[in-house]
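Everything on this sheet refers to the single structure shown next.
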Amino acid sequence: MTKEREAFIENLSMLVASGMTLSDALRAGAAELRSKRMRRIVGSVIEEVENGSSLWKALAGTGAFALHMVSLVRLGEESGKLAQNLKVIAVQQEKDRVFRSRIMSAMMYPVFVLALTVVVGTGIAWFILPRLAEVFSRLRIELPIMTRVLIAAGSFLGHYGVFAIPAAAAVILAVLAVMFWIPRTRFIGQALLFLLPGVRRLVQEVELARFGYLLGTLLEAGLGVTQALDSLAATTSFRVYGRLYARLRDLVEEGNSFQKSFALQKRLALLIPLSVQQLVVAGEQSGTLAQTLQKVHLAYEARIDMTTKNLTVILEPILLVIVWVGVVFVALAIILPIYSLIGGLNQPSGTPTQTPPPVSQIQFQDEEAPFGQPAAPAGFEARAGMLEIIDIGRSRIFVRAQPSPDGTVVGSAGSGERFPLEGETDGWWSIVLSGGVKGWVWGEYVTILDENE
C-alpha cells in the first residue's frame, strides 16, 4: 500500500499541474491503483471532494496520509500552490524511499553472507556430522574436545535434527521480527545497530539528510516550526531520533530557540554532530533556516554513497573471519583424530585398564631364548584354547614380544583371525602366530572362544 500511495501522490501532482480539475485528477489517479484498500480510500476522498469538502480534509479523514502531507496540501489549497506542494510531497516520499533503500542495500551483503553461512553450516551439521560421529565413535583413541563437541552435535542432529532445525529457524525468525519488524519492539534492533560503528554512522547520515530535507522543505513551504518538527518525528524510522524531534518540538513550542533547545539536550552530539547544530543555529539567527537545512541535506546525501561503499569494505573482512573460524573448527575437529590415529600406529591405541609391568621386571626362563620366543613373565596364568581378533576399526594390530605397549613388534593380526591361546597376564594375552612365533596382544582387541567354536 505504501508504494501505491506514493505513486498516487506523484500522479496527482502531475495531473493537477497539467490543468485538470481536482475531481478529474483524483479519478485519473484512482484508475492506476491495484490495491483494493487504496481504491476504497481514494474513492472516499473523491466522494468527499465532489460533495464540496476540501482535499486536505478528505485526506485527513482517511487516516492513511501522514500529518505533514495533510498540512502541505492544506497550505497548497489556501495559497493556490496545490500542484507545487503535491510535488514537494512526492519528492519527499521519493527521498524517504531512497534513504531506506540505502540502509537496506548496505545491510544486504552481510545479511546474505551470514544467511548463506548458516544454511551451509546447518546442512553440514544435519547430514554430515552424524556420519562423522559414527566413524569417530568407533576409533579407540582419545578424541580432542573439539571432536567430542562435533560428535555430540552430530549425534543430536542425527536423532532430533528434523525437529531441532525447524524450531531453531522459527526462533531466529521470531527474534528478528521482534527486533526489526514489530513497531513496539523495533527499538531493540535499532539499539543493536547503533552499537556497530559503520552501521551507526550510516544511520546517522541518513537521518541527518532526512532532517535537513524534510524540515527545510516544510519550513520553505510555510509550515510552522513546531508542526514541521512534529511531522519529522512522525516520519523518522528510528525511535531515538523520533524522541529527539519530539523533545525539540516541545522546547520550541515553549518559546525556546534552536540554540537553547540544543543546549538542553543531553548527549545530543551522538545524534546530531556539533557542526550541524551550529549551522542550524546560524541559519535561525540569520533568517535562512530553510536554506541552511537544505544545504545540510545535500552535504549528508553525498556522504551516504561513500559510507555505503565503505561499510561493505569494513564488514567483508569481519564476515570472512566469522566464516573462517567455523571452517577451521570443523577442519581441526576432523583432522586431529586422524593425526592421533596415524601417530598411534606404532602402539596400541587403547589405554590398558591395568598398567603393565615395565620391561625391566619381566623374568625370562631362558636368557638365551631365540628372538621372538619370549619367556613367560611373573604373574603369568596359563590358559588353553583359542582367541579371535575382534573388529576394532583398523586393518591390523601389532603383536609384541613382551606384554607392554613398548614391546618389540614380532608380527601383526587382523580382524577375525584366530590363534592358539597360551595364557594371560595383566590384561595381555599370549598367542602363537603362524610359524610358531609367540607374542602378546592387548585384551581389549580379542575375544576368547568357547571350546565348541
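The values are calculated or read from the model by the stated rules, or taken from the named source; none is laboratory data. Owing to the predicted nature of the structure, the values given are computational and were not obtained by experimental measurement. Cβ coordinates were reconstructed from backbone atoms using ideal geometry, including for glycine residues, and neighbour counts include every protein chain displayed.
Going by what's in this entry, would G393 be described as of a type in the set (G, A, S) and modelled with pLDDT of 80 or more? It is false that G393 is of a type in the set (G, A, S) and modelled with pLDDT of 80 or more.
Restricting Y245, Y300 to those that are within 24 Å of V199 (Cα to Cα), of a type in the set (S, T, Y), in contact (Cβ under 8 Å) with a residue 60 or more places away in the chain and in a helix (DSSP H, G or I) reduces the list to Y300.
One residue stands out among those in the range 220-232 that are assigned to a helix (DSSP H, G or I) and crowded, with 20+ Cβ neighbours inside 10 Å: the one that is farthest from the chain's Cα centre (by Cα), which is A228. Among the criteria (1) at pLDDT below 90; (2) within 17 Å of L214 (Cα to Cα), the one T292 does not fulfil is (1). Might you check whether a residue that is surrounded by fewer than 18 Cβ atoms within 10 Å (Cβ to Cβ), in contact (Cβ under 8 Å) with a residue 60 or more places away in the chain and not small (G, A, S) occurs anywhere in the range 200-211? There is at least one residue in the range 200-211 that is surrounded by fewer than 18 Cβ atoms within 10 Å (Cβ to Cβ), in contact (Cβ under 8 Å) with a residue 60 or more places away in the chain and not small (G, A, S).
Each row is one residue, and each column tells you yes or no for (1) outside any helix (DSSP H, G or I); (2) under 17 Å from L219 (Cα atoms).
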| site | (1), (2) |
| --- | --- |
| L33 | yes, no |
| R37 | no, no |
| R40 | no, no |
| I46 | no, no |
| L59 | no, no |
| A64 | yes, no |
| M69 | no, yes |
| L72 | no, yes |
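Against the condition among the β-branched types (V, I, T), modelled with pLDDT under 75, surrounded by 14 or more Cβ atoms within 10 Å (Cβ to Cβ) and not in a helix (DSSP H, G or I), how does I128 come out, does it pass? When the stated conditions are applied, I128 does not pass them. Scanning the range 205-216 for residues that are out of contact with any His (no Cβ under 6 Å at 6 or more places or on another chain) and farther than 22 Å from L251 by Cβ yields a total of 2. Here R37 clears all of (1) under 15 Å from K3 (Cβ atoms); (2) over 40 Å from the mean Cα position of the chain (by Cα); (3) not polar (S, T, N, Q) except the condition numbered (2).
Scan the range 75-86 for residues that are under 46 Å from the mean Cα position of the chain (by Cα) and either on the phi > 0 side of the Ramachandran plot or surrounded by 20 or more Cβ atoms within 10 Å (Cβ to Cβ) (or both) and the total you get is 2. Determine whether the range 316-338 contains at least one residue that is in contact with a Phe, Trp or Tyr (Cβ under 7 Å, 6 or more places away or on another chain), free of Cβ contacts under 8 Å to residues at least 40 places away in the same chain, assigned to a helix (DSSP H, G or I) and farther than 29 Å from F194 by Cα. No, there is no match, as no residue in the range 316-338 is in contact with a Phe, Trp or Tyr (Cβ under 7 Å, 6 or more places away or on another chain), free of Cβ contacts under 8 Å to residues at least 40 places away in the same chain, assigned to a helix (DSSP H, G or I) and farther than 29 Å from F194 by Cα. Residues in the range 16-59 that are surrounded by fewer than 20 Cβ atoms within 10 Å (Cβ to Cβ), under 22 Å from G80 (Cβ atoms) and of a type in the set (G, A, S): how many? Selection size over the range 16-59: 8.
Taking the numbered list (1) surrounded by fewer than 18 Cβ atoms within 10 Å (Cβ to Cβ); (2) at pLDDT 80 or above; (3) under 26 Å from Q227 (Cα atoms) in turn, S13 passes all entries but (1). Can you tell me which of A64, A60 is at pLDDT below 80 and not assigned by TED's automatic domain parsing to the domain that holds Y213? Unique residue meeting the criteria: A64.
Scanning the range 248-267 for residues that are touching a residue at least 12 places away in the same chain (Cβ under 8 Å), in a helix (DSSP H, G or I) and not polar (S, T, N, Q), we see that the one that is farthest from Q278 (Cα to Cα) is E253. Against the criterion of being under 25 Å from Q294 (Cα atoms) and either modelled with pLDDT of 80 or more or of a type in the set (D, E, K, R) (or both), S18 does not qualify. Summed over the range 285-297, the residues that are surrounded by fewer than 16 Cβ atoms within 10 Å (Cβ to Cβ) and part of a helix (DSSP H, G or I) give a count of 4. With the structure loaded, tell me whether L214 is among the hydrophobic types (A, V, I, L, M, F, W, C), in contact with a Ser or Thr (Cβ under 7 Å, 6 or more places away or on another chain) and buried (at least 20 other Cβ atoms within 10 Å of the Cβ) or whether it fails that test. The answer is yes for L214. Restricting L114, L139, L143 to those that are surrounded by fewer than 18 Cβ atoms within 10 Å (Cβ to Cβ), modelled with pLDDT under 70 and either not β-branched (V, I, T) or not assigned by TED's automatic domain parsing to the domain that holds S237 (or both) reduces the list to L143. When the range 304-313 is limited to residues that are aliphatic (A, V, I, L, M) and surrounded by fewer than 16 Cβ atoms within 10 Å (Cβ to Cβ), the one that is nearest to L116 (Cα to Cα) turns out to be V313.
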